[in-house]
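K.L.:
One structure coming up, written as structure tokens, with questions to follow.
Nothing in this text is a laboratory measurement; each read-out follows from the coordinates by a stated rule. Owing to the predicted nature of the structure, the values given are computational and were not obtained by experimental measurement. Every residue, glycine as well, gets a Cβ built from its backbone with ideal geometry; the counts of neighbours run over all protein chains shown.
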Amino acid sequence: MQLSYRLEVIAVKYAVIYIENEMSGIRRYLALNKNDSDYRTAMEERLKSLKYEYKELKSWLESVGE
């Protein structure tokens, strides 16, 4: 399904907000749980992935003037 340009911009803005909230939750978890576990390692990797996605989406929004 092809979204209209305006809906695509809105969807990306909501994705950015979601990613910001997700990163915030992961950062809180990492700050509170200093023990080294597989789950912590997975959360650190998830945070790296989200940072990359966030940067890409923000860059796209800037390129379209939003």
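K.L.:
What label, among (i) 33, 23, 20; (ii) 47, 36, 24; (iii) 46, 24, 14, belongs to Cα extents along the principal axes in Å computed from the structure on display?
P.N.:
Given (i) 33, 23, 20; (ii) 47, 36, 24; (iii) 46, 24, 14, the structure-derived one carries the label (iii).
K.L.:
Same structure, new question: Can you tell which of Lys48, Lys34, Lys13 shows the greatest fluctuation in a Gaussian network model of the chain with Cα springs below 10 Å?
P.N.:
Among Lys48, Lys34, Lys13, the largest mean-square fluctuation in the Gaussian network model of the chain belongs to Lys34.
K.L.:
What number comes out for the charge environment of Glu44, summing +1 per Lys or Arg and -1 per Asp or Glu over other residues with Cβ under 13 Å away?
P.N.:
Residues near Glu44 contribute +3 overall.
K.L.:
Karplus couplings for region 53-66 from phi (6.51 cos²θ - 1.76 cosθ + 1.60, θ = phi - 60°), rounded to Hz, Gly and Pro as x?
P.N.:
Couplings: 4, 4, 4, 5, 5, 4, 4, 4, 4, 5, 5, 9, x, 9 Hz.
K.L.:
Given +1 on the Cβ of Lys and Arg, -1 on the Cβ of Asp and Glu, and no further charges, what dipole in debye does the chain carry about its Cα centre, rounded to the nearest 20?
P.N.:
It works out to roughly 200 debye.
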